[in-house]
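First up is the structure itself, then whatever we jot down about it.
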Amino acid sequence: VEVNLDRALIALASELVASSEPDIAALLAEVSRISVRVIGLDESNRRDSLDRIENIRTQLESEGWSSVVTVREGPAGDNVSILARMSDDAINGIVITVIDSDDEVVVLDIAGRVRTEDLVHLVERLNIDELDGLSDLLKEA
């Protein structure tokens with residue numbers, strides 16, 4: 001699964017939800033890109049995919065992104081990392097990587113200014129099974 005929303009599609013979505021979901025519309029007004037990738041793992045791509053996720057995490061940290069949440073549930077369990085590019089009062093970019101024990105990798109990348117409480121609401125509204133429980137982790141951060 002691959003979902004890529006650019007500024008034009010996000011602006012359209014913001015307009016469509018402005019009357020029914022004003023908080024989501026306000027959040028979307030500050031976002032320039034949303035990408036979601038879900039990759040099923042099997043023996044042919046497992047090592048490459050896991051290495052790629054670790055490389056993404058390492059690269060972002062080396063570029064000054066803050067590790068907000070890290071959850072590692074043992075060698076065979078779920079593995080979640082939330083990295084954010086921070087400013088004084090907001091997140092200016094966020095990357096969430098999930099290595100699911102059910103053999104999937106999820107990468108959520110949001111570019112733009114996002115307040116944490118708005119991100120929690122957005123993740124809940126995306127209604128993506130692979131992101132279940134993520135809003136609880138963000139609330140704790």
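No lab work stands behind these numbers, since they all come straight from the coordinates. Source: prediction; values computed, not measured. With ideal geometry, Cβ positions are generated from the backbone for all residues, glycine too; neighbour counts draw on all protein chains shown.
So the values come out like this:
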item: If the convex hull is drawn through the Cα atoms of the range 18-98, its volume per residue in Å³; result: 134 Å³
item: Difference of contour (0.36 nm per residue) and Cα-Cα distance, Glu2 to Ser101; result: 33.7 nm
item: Nearest-0.05 FRET efficiency for Asn92 and Ala18, computed from C-beta distance (R0 22 Å); result: 0.40
